[in-house]
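As structure tokens, the structure follows; a few thoughts come after it.
The values are calculated or read from the model by the stated rules, or taken from the named source; none is laboratory data. Everything numeric here is computed off the predicted structure, so don't read it as measured data. All Cβ positions, glycine included, derive from the backbone under ideal geometry; neighbour counts span all protein chains shown. We work out accessible area using only protein heavy atoms, side chains counted, and drop any ligands, DNA or RNA first. Shrake-Rupley method; radii C 1.70, N 1.55, O 1.52, S 1.80 Å.
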Amino acid sequence: MNQRALVEAAWAMLPKAYVPYSHFHVGAALLTADGEVFTGCNVENASYGAAICAERTALVKAVSEGKRDFQAIAVVGGRDGVVTDFAPPCGICRQVLAEFCGPDFLILLAKSPEEIRVFRLEELLPEAFGREKLSE
Ligand SMILES: [Zn+2]
């Protein structure tokens with residue numbers, strides 16, 4: 001799957017976001033190592049801390065279906081579902097991605113299907129705390 005197709009899969013999730021509080025819609029599309037795509041949107045809650053981001057929604061869907069190996073994730077977002085800028089993953093999502101994804105996992109941010117910025121996970125979460133730290 002090419003980068004643009006993964007971005008478009010994330011974009012298609014924007015209308016599904018449940019965001020009555022922030023009105024900031026986010027869509028994500030996670031590409032597994034074997035080429036399957038799991039999508040997600042952000043789901044807010046009246047107890048704000050119970051909200052879950054689009055990236056984690058996609059990851060939890062994939063892991064719950066037995067997937068453990070991933071190539072890339074595309075993320076798009078914007079107020080009222082209108083994308084005007086890049087929407088990088090929050091710190092919690094970077095940490096959760098690092099649980100399953102290596103330093104070369106790709107994070108695609110887009111503000112249009114043509115304007116895509118690509119980062120390696122290691123760039124967005126340097127010096128990550130991971131499970132190897134618990135066994136030292
Ligand atoms: Zn997040």
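Would you mind finding the one in Ala62, Ala98 that is crowded, with 21+ Cβ neighbours inside 10 Å and assigned to a helix (DSSP H, G or I)?
Numbers: Ala98 fails: crowded, with 21+ Cβ neighbours inside 10 Å.
Answer to the check: Ala62.
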- Query: Does Arg56 satisfy the criteria of being away from the ligand (no atom under 15 Å from the Cβ) and open to solvent by 40 Å² or more (accessible area, probe 1.4 Å)?
  - Reply: no
- Message: For the range 10-28: of the residues being within 21 Å of Ile116 (Cα to Cα) and away from the ligand (no atom under 15 Å from the Cβ), which is most open to solvent (accessible area, probe 1.4 Å)?
- Response: Pro15
